[in-house]
């Protein structure tokens with residue numbers, strides 16, 4: 001954690017000294033954008049280590065890390081937040097998902113707070129099965145928790161080789177590997193297209 005915090009502090013200081021997030025927006029593809037992306041990746045890694053969702057509420061704790069002297073207090077706050085999160089979850093996640101369904105929210109508006117990564121497969125199950133009443137919030141959570149990061153990447157590649165850059169041999173190979181993992185609604189997922197703007 002020490003090395004992550006140290007890298008994060010240096011990145012944030014460089015970003016602030018060069019105009020902060022506004023400068024990142026004004027200079028796409030620049031070194032500043034790379035630094036910003038890396039700082040986000042560190043935030044994600046820290047939150048994952050504490051078992052916290054990647055939501056703004058918890059990122060704000062890390063934003064207070066401006067010097068090494070703050071490290072201990074940040075760790076204490078993250079530990080306390082993680083303890084509270086564990087006590088409130090998964091009932092809180094179910095409630096959040098149900099409310100999101102009623103309000104017709106998008107995954108990116110609810111997934112971080114519900115402790116879910118917002119990716120292609122999350123959007124598919126959320127939009128096509130949960131919001132349409134085919135599965136419950138608990139079933140949605142069970143499905144999403146059963147899809148680890150490696151499997152999620154494979155699902156993304158399946159879509160890429162089916163839609164973006166068609167390569168049916170590669171798509172079939174990935175599909176067969178995913179079939180072995182018994183991914184729910186895989187046939188439908190294989191043929192699903194995300195329509196933009198989402």
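Couple of notes before you dig in:
- If R0 is 22 Å, the Cβ-Cβ spacing of residue 82 and residue 152 corresponds to a FRET efficiency of close to 0.45.
- Under conditions of 10 °C and 1.306 mPa s, segment 1-77 yields 124 µm² s⁻¹ as its translational diffusion coefficient, taking Rh as the Kirkwood radius over Cα pairs in the Stokes-Einstein equation.
- Between the Cα long axis of helix 168-180 and the first principal axis of the chain there is an angle of about 80°, rounded to the nearest 10.
- Taking other Cβ atoms within 10 Å as a rough exposure proxy, 1, 35 sort from fewest to most as 1, 35.
- Helix-only CD estimate at 222 nm, as mean residue ellipticity for the chain, using -39500 (n - 2.57) per DSSP H run (n ≥ 4): -20000 deg cm²/dmol
- In the chain, the longest principal axis of the Cα atoms and the axis of helix 2-17 are about 80 degrees apart.
- Across the chain, the relative contact order, built from alpha-carbon pairs under 8 Å that are at least six residues apart, equals 13 percent.
- Compared with the dominant principal axis of the Cα atoms in the chain, helix 71-88 is inclined by about 30°.
- For 63, 192, order by how many other beta-carbon atoms lie within 10 Å, fewest first: 63, 192
- The relative contact order of segment 2-88, computed from alpha carbon pairs under 8 Å that lie at least 6 residues apart in sequence, is 29 percent.
- With the convex hull drawn over the C-alpha atoms of the chain, the volume per residue is 146 Å³.
- Between residue 164 and residue 14, the modelled labels are 2.6 nm apart [label points 7 Å from Cα along Cα→Cβ].
Rule-based calculations on the coordinates, nothing more; no lab input. Everything numeric here is computed off the predicted structure, so don't read it as measured data. Every residue, glycine among them, receives a Cβ derived from its backbone with ideal geometry; neighbour counts consider all protein chains shown.
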